[in-house]
Amino acid sequence: MTSTAQDRVRRLERLRAVRDRIDREHARPLDVEALARGASMSAGHLSREFRRAYGESPYSYLMTRRVERAMMLLRLGGMSVTDVCFAVGFSSLGTFSTRFTELVGCSPSVYRATAARATEGLPACVAQRVSRPVRNREAPAAGTS
């Protein structure tokens, strides 16, 4: 393997470690600076490289992971929207509701009221796949197709 290819593999390994850390620690307070320090990169360099490798920024990926987990908890029921907000790592109910609505297309309370019916009878792995949020503000506005 050439030196350039080895460098690329090492870079991708570090980016994968960052993505794995986000997946594991999404409920903890994480920011791009802390993720970058863990990968021995500057925050700007991490953001550029992560976007190049995965198509979105580390922050966007973290928010999507949190919303995905929130969707699952809301489908299960038994927790208030506020409890879900803090359980998945958001520190503000307003930020949680805004980001959730951007990705899912409806508010967390509306999702909780309708999601259980929409995925009723589906295995959990299928329910998670079909209800996966759309990234980067691509969810249709309520009432449109």
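Please treat every number below as a calculation from the coordinates, not as lab data. Note that the structure is predicted; figures quoted are calculated from it, not measured. Heads up, the Cβs are rebuilt from the backbone with ideal geometry, glycines too, and the neighbour counts pull from every protein chain shown.
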Check: Given Cα pairs under 8 Å that are at least 6 residues apart, what percent is the relative contact order of region 3-59?
Finding: 30
Checklist line | Loop chymotrypsin sites (Phe, Trp or Tyr not before Pro), region 1-103 (other Cβ atoms within 10 Å of the site Cβ: 13 or fewer; DSSP) | finding: none
Checklist line | Centroid-to-centroid separation of region 49-78 and region 31-48 [C-alpha atoms, Å] | finding: 18
Notebook entry, point to check: Cα-Cα pairs above 16 Å in region 1-105: how many percent?
Noted result: 59
